[in-house]
Amino acid sequence: MIIHLKKEVGRENAEQIAKENNAFIFEEKEQFVLISSSSQKEVNPKFNDSILETFVFDNDIQLASRKYKNTTREVKIGNVTIGGETGNTLMIAGPCSVESEEQIQSSSELLKKLNLTTLRGGCYKPRTSPYSFQGLGLEGLKLLNKMKEEHGLNIITEVRDATHVQEVIEYSDVIQIGAKAMYDQGILRACAKIDKPVLIKRGFGTTLQEFVQCAEFVLSGGNPNVILCERGLRTFETKTRFTLDLCGVAFLKEHTNCPIVLDPSHAMGHAYGVPDLTRACVAMGIDGLLIEVHPDPNVAKSDASQQLNHSEFEELLQTLHPVAAAVNHQII
Ligand code: PEP
Ligand code: MN
């Protein structure tokens with residue numbers, strides 16, 4: 001249950017009401033808001049004088065629910081905004097991993113040439129094998145920062161575990177919580193304490209309920225800037241890397257208020273399928289895309305098979321504009 005207290009209710013009184021309702025306090029626009037489990041359906045009438053409004057839910061999707069806030073949250077990423085009434089579909093592009101200065105410089109120049117604003121690149125990679133390239137770590141973050149300074153790009157990079165969460169928070173404009181890291185409550189709680197946007201990727205075996213509840217950890221901790229990212233589920237199918245859950249996206253659009261980003265690169269796992277899948281994603285009227293692009297995918301140190309080369313990416317981008325326009329969106 002979400003309980004909005006009247007503006008004149010002071011902290012001491014709010015704390016008392018919270019205690020008696022097993023709720024915790026969350027401050028929104030200088031107003032005390034209490035949140036308790038969704039199993040609570042009513043409040044003792046003795047508190048009526050302090051209460052402005054209450055919201056009751058069927059399950060613990062509460063702050064992220066459209067029943068609470070029935071438009072998509074606006075999230076600002078550097079100088080661009082997604083969600084709200086913007087109709088923006090933000091193209092986030094770049095390599096899977098930051099590998100060298102030359103490589104990330106080349107990716108940054110491509111983005112600038114195409115008037116794109118937001119560069120991705122992993123520095124702490126959650127690899128399936130300990131013997132594969134694990135990412136450049138802090139050195140990679142510094143290279144991303146150099147690209148931000150030289151080209152004015154917004155940076156999104158992933159946090160793999162809680163040991164380097166503060167480092168990633170410091171160096172990025174959007175913190176990406178990967179599909180394997182999304183259950184890490186140390187990461188979620190650290191991201192709840194900041195106000196930078198957080199992009200949470202859905203685990204490949206995660207239900208929509210569990211996924212959105214991860215967002216609730218960040219939202220209820222005080223950070224309203226949460227973006228949800230669908231990147232494919234593990235199914236019986238092995239010909240493609242994962243199965244992009246577009247039905248799940250329809251659910252998220254209908255029932256939740258966080259901007260939605262789709263990642264067709266990781267879902268498909270093969271570059272040949274990424275353009276068609278990307279157009280299908282754009283047709284759903286989403287808030288952003290995450291596309292892996294590499295100056296020379298053949299030598300990429302991670303996810304080589306799914307990354308587009310620069311000309312493939314450029315060609316894809318051109319084809320997205322009419323698809324976006326058909327659903328009243330624009331690619332930015
Ligand atoms: C990535 O974005 O490069 C990545 C590792 O993604 P995921 O967490 O979805 O596997
Ligand atoms: Mn990748």
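The values are calculated or read from the model by the stated rules, or taken from the named source; none is laboratory data. As the structure is a prediction and not an experimental result, all values here were calculated from the model. In this analysis, Cβ positions are derived from the backbone assuming ideal geometry, glycine residues included, and neighbour counts consider all displayed protein chains. Accessible surface areas use protein heavy atoms only, side chains included; no ligands, DNA or RNA. Shrake-Rupley method; radii C 1.70, N 1.55, O 1.52, S 1.80 Å.
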Q | Residues that are open to solvent by 40 Å² or more (accessible area, probe 1.4 Å) and more than 16 Å from ligand 1 (Cβ to nearest atom), drawn from segment 281-309 | A | Ala283, Met284, Pro295, Asp296, Asn298, Val299, Asn309
Q) Glu102 is checked against (1) open to solvent by 10 Å² or more (accessible area, probe 1.4 Å); (2) touching a helix residue (DSSP H, G or I) at 6+ places or on another chain (Cβ under 9 Å); (3) farther than 23 Å from Gly186 by Cα and fails just one. What number does that condition carry? A) (2)
Q) Any idea how many residues of segment 59-81 are under 18 Å from Val174 (Cβ atoms), part of a strand (DSSP E or B) and open to solvent by less than 60 Å² (accessible area, probe 1.4 Å)? A) 4
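Residue by residue, here is whether (1) in a helix (DSSP H, G or I); (2) closer than 20 Å to Val226 by Cβ; (3) in the same structural domain as Leu219 (by TED's automatic domain parsing) holds:
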position	(1), (2), (3)
Asn115	no, no, yes
Tyr124	no, no, yes
Gly140	yes, no, yes
Ile175	no, yes, yes
Lys180	no, yes, yes
Ile194	no, yes, yes
Q: Could you please find all residues in segment 156-167 being in contact with a Leu (Cβ under 8 Å, 6 or more places away or on another chain), free of Cβ contacts under 8 Å to residues at least 60 places away in the same chain and crowded, with 23+ Cβ neighbours inside 10 Å?
A: Thr157
Q. So which residues in segment 109-124 are open to solvent by less than 10 Å² (accessible area, probe 1.4 Å) and not hydrophobic (A, V, I, L, M, F, W, C), if there are any at all?
A. Thr118, Arg120, Gly121, Gly122
Q. Out of all the residues in segment 29-51, is one or more under 30 Å from His310 (Cα atoms), buried (at least 18 other Cβ atoms within 10 Å of the Cβ), in contact with an Asp or Glu (Cβ under 9 Å, 6 or more places away or on another chain) and small (Gly, Ala, Ser)?
A. no
Q) When segment 246-260 is examined, which residues are found to be without any contact (Cβ under 8 Å) to a residue 40 or more places away in the chain and open to solvent by 10 Å² or more (accessible area, probe 1.4 Å)? A) Leu246, Cys247, Ala250, Lys253
